[in-house]
Each structure stands twice: as structure tokens, then as C-alpha cells.
Amino acid sequence: MAAPLVLVVLAAVTVRAALYRSSLAVFIAERVEVASPLNAWKRVVEGLALLDLGVSPYSGAIFHETPLIIYLFHFLIEYAELVFMITDVLTAVALYLAIQDFNKVVFKKQKLLIELDKYAPDVAELIQTPMEMHYIPLKVALFYLLNPYTVMSCVAKSTCAINNSVIAFFILATIKGSAFLSAVFLALATYQSLYPLTLFAPALLYLLQRQFIPIKLKSKSFWLYTMQYTSLYLCSLVVIICLSFFLLNSWDFIPSVYGFILSVPDLTPNIGLFWYFFAEMFEHFSLFFVCVFQINVFFYTIPLAIKLKEHPMFFMFVQLAIISIFKSYPTVGDIALYMAFLPVWSHLYRFLRNIFILSCVLIFCSFLFPVLWHLWIYAGSANSNFYYAITLTFNIGQILLISDYFYAFLRREYYLTHGLHLTRQDGTEAMLVLK
């Protein structure tokens, strides 16, 4: 598998290098779908200019990245294009290795459940075979590296690529069973963009399963391991934040980064749900609705943890999708990360109901974004309602896509234990309905 992966990496690097040297690079970097006020490269350059002048990069309202990012590019600014290409490659390799290990775990668990007669006798066609799983890691790397969303983020030099890389290494460390590295990378991801905090629950559930610790509230081993992982996570986060303070000798970055993410003061149009809503809202109500909108990202974590406690990787996939949809400043780079996991759930395709329609919706919306932006900003023949309408359609498409996968996953799990051919008490054929 190493040779195909190398070919995919070479193809991805070639595409990026060609686009960096083309006239499209400037156009892509200016797209609001690709760069947000949080991760736009031109804002990083502004922050670096202020830092070089001996002024705090957070003294104005331009720079909202973390101190570690600005100090990273303070030394590597001349190699920025190379840094972003290497970051994408590292992300893909981390995902490749993570899914390789995950498939081994899935196969062992599947084999054990078959030996224990936990599956119904007529579900052989639902069982994943090693041949089916063999190419999934390569497909994941391919889906990430050659996804147009990923390519555009890299060409635009959006720091979202770095966030994705940190999350990918967090997933790899979790699947490998390293609680320490998992906590460190999760702390780093939380430090970068705050919302990965919600990935704490699926990571903990996965690590508990790796240690064969029962997920029961009355279990002492459960609480002991939870406290250990929580302590590692919080200590790592405190160390990273303190390091940022020592670099800047100031706490200015906290309101400028995390206050900016939570309060959403910059209403520059993007592919998210916040900007239009708060541009039209009376100031008096904004605080309440900011809280309501922000709660969306965190609200689903507990019910999903209860429903998917036996399937933490699928839980993590759903949570990544929720973050990319409901965060305050989303970009297409966020979407690319969770879409890279779609090949992992290829065995669910037979249960998906609207995959073709939803795929078409997402593709058409992607093409319509620049069209409606041009009509609004340049031609003046449309207004913000047109652009927000396509944004809303795009996000509804994502929500329905994840809901479809969620339904398909639960349906397959039910069939595995109850059999494919369901009957009512009177002997007639039954239909499975998700309520």
C-alpha cells in the first residue's frame, strides 16, 4: 500500500504546486468560502508585520490566530507554501495510519462477535471482509488530499489546514491507544479553534474500550481513567496557554482569539449560519442568540455519547461534521476533514436513502457560491439574501447527509443483531423506522 499512497501524495503536491504558480492562487485566497476572518493568510501577514514592528499583533481587530501560529510563521514565512503542502501530506498520512489501525480493531471485534453468536444468522452479507477494508485507508488519504476543498484551503494558505493536521494526529494517537498523546493533541486542537473540545467524549470512550474498561457510572475504573485523561488534557491545555503568554508577555490573545470565536463580532459573509442572522438582528437580542447558536455545537455531544457509546469512531465522525456546520467561522477546509472519513463508512451505502440527491446539492451549491457572490458584490443584480440562501441550502444538505449516515449506521447495527428479514407478530414483513 505504500506505493499507491506515494503516488497519491505526488499527485496532490503537483496539483498544489501548479496552482501556487497560477493566477488562480490570488482568486482562491480571496474567496470567503475558503478563508475566514480567523484563518485568512492576509491576516496572518498583518499580524507578522505588527510583530516585526514591536507591536502586539492583537492590538488591532485584524489578527485572531493563536500566538503559536504567528511565531511558527515568524520563522517560516519564506517557506509558507511548502509548510502548507507538508501539513496536508502529514494530515493524509496520519489519517491513513489511523484508519489502518481502526480497521484491524473493527475486524477483531467483528470476529469475536461472530464467535460469540452475537450476530443474527442471515447477516453474512453485512459483515465487512478484509478485502473490502483493504483499500479504505488509501481512499481516506485520497479523499483528503485530492478533495477540491482541501486543495483550495492549501492554495489559499488558510490556517484551517494546520487545525486539520492537529486533529488528524489526535485521531491517530487515540486509535493507537496513547492517552497522553491523544490529550496533548486534543489540547492543541482546542487551543487552536476551541470547538474540538467536543471531541473529548468520543476520544475518552474509544480509549476506555481499548483498555477494556466498562462504561458504567458505578465503575471505579471508569472514573479513575476518566480523571486521568481529563487531567492530562487540562494540564496540556494550561501548559500551551502559559507558553503563549510567555511568548507574548500578555494575555491579549485570549479575548482576541476565543472571545472573537464566541462573540462573532466580524460579520464577513462565509459559508456558516451566523453572519446573515446577526447582521439583520437588533443589537439588544444579539447576546441571547449568540449563546443559542453557539450551544448548537456542544448540545449534541451528550445525547450522541449515550447513543453511540459503543461506537466512538462514528461518534467522532458525526461530531466533526457538527463542528464544521455550526462553528461561527467555518470554511470548506473544515468540511474536507470529515468528508475524508466517508470511505470508512462505505459499508453503509446500501442503507443510505438520499446520497445521490444530497451529493448533487452539495456540488451545485459549491459551484453557485462564486456565481451568487459575483452577482451580489460585483454585478449588483442580487443581494445578500441570494448568497445566504445558497449558504443555507449547503448547510441543510450537510445536515441531511450526516442524518442519512446516522440513520444508515443505526439501521445496519439493528439488522446485525435482529436479522435482515424482520417480521411482525402476525408473520407479515416489517419495516424498520427510525423515531
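The values are calculated or read from the model by the stated rules, or taken from the named source; none is laboratory data. These figures come from a predicted structure and were not determined experimentally. Glycine gets a Cβ as well: all are built from the backbone with ideal geometry, and neighbour counts include every protein chain shown. With ligands, DNA and RNA removed, areas are computed over all heavy atoms of the protein, side chains included. Shrake-Rupley method; radii C 1.70, N 1.55, O 1.52, S 1.80 Å.
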Fill in the blank from the handout: Computed over all unlike Cα pairs, the Kirkwood hydrodynamic radius of the range 258-334 in Å stands at 13.6 Å
Completion exercise
For residue 42, counting only aspartates and glutamates whose alpha-carbon sits under 13 Å away and dropping same-chain residues fewer than eight positions off, the answer is 30, 65
Exercise for the section: Please compute the Cα-Cα pair-distance distribution of the range 254-395 with 10 Å bins starting at 0, giving whole percents from short to long. Expected result: 10, 33, 35, 19, 4, 0
Handout entry: Partner aspartates and glutamates for residue 109 [C-alpha distance under 14 Å; skip if fewer than 8 residues away on the same chain]
Key = 101, 117, 310, 413
Handout entry: Binned Cα-Cα distances of the chain, short to long, each 20 Å bin given as a whole percent
Key = 23, 57, 18, 1, 0
Handout entry: Per residue accessible area of the range 347-411, 1.4 Å probe, in Å²
Key = 51 Å²
Practice task
Kindly state, as a whole number, the per residue volume in cubic angstrom of the convex hull around the alpha carbon atoms of the range 298-362.
Solution key: 105 Å³
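Just the number please: accessible area per residue for the range 1-160, 1.4 Å probe, all protein chains included, in Å². Before the final figure, lay out the partial values.
Working: 7770 Å² over 160 residues.
Per residue, the range 1-160 has 49 Å² of solvent-accessible surface.
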Completion exercise
Counting only protein heavy atoms with a 1.4 Å probe and every protein chain in place, the carbon and sulfur fraction of the accessible surface of the chain in whole percent equals 70 percent
Problem - Estimated inter-spin distance, residue 346 and residue 245, nm [label 7 Å along Cα→Cβ] - result: 4.9 nm
Completion exercise
Partner lysines whose C-alpha sits under 16 Å from that of residue 216, ignoring same-chain residues fewer than 8 away, are 307, 309
Completion exercise
The FRET efficiency for residue 79 and residue 53, from their Cβ-Cβ distance with R0 = 25 Å and rounded to 0.05, is 0.65
Practice task
Would you mind finding the longest exposed-site-free stretch of the chain, with exposed GluC sites (Glu not before Pro) meaning DSSP loop and at most 14 other Cβ atoms within 10 Å?
Solution key: 1-279
Exercise for the section: Take each complete run of DSSP H in the chain, measure how far its Cα atoms stretch along the helix's own axis, and keep only those covering 20 Å or more with mean Kyte-Doolittle hydropathy at least 0.5; list them. Expected result: 2-20, 80-115, 160-176, 179-193, 220-248, 283-299, 312-326, 355-373
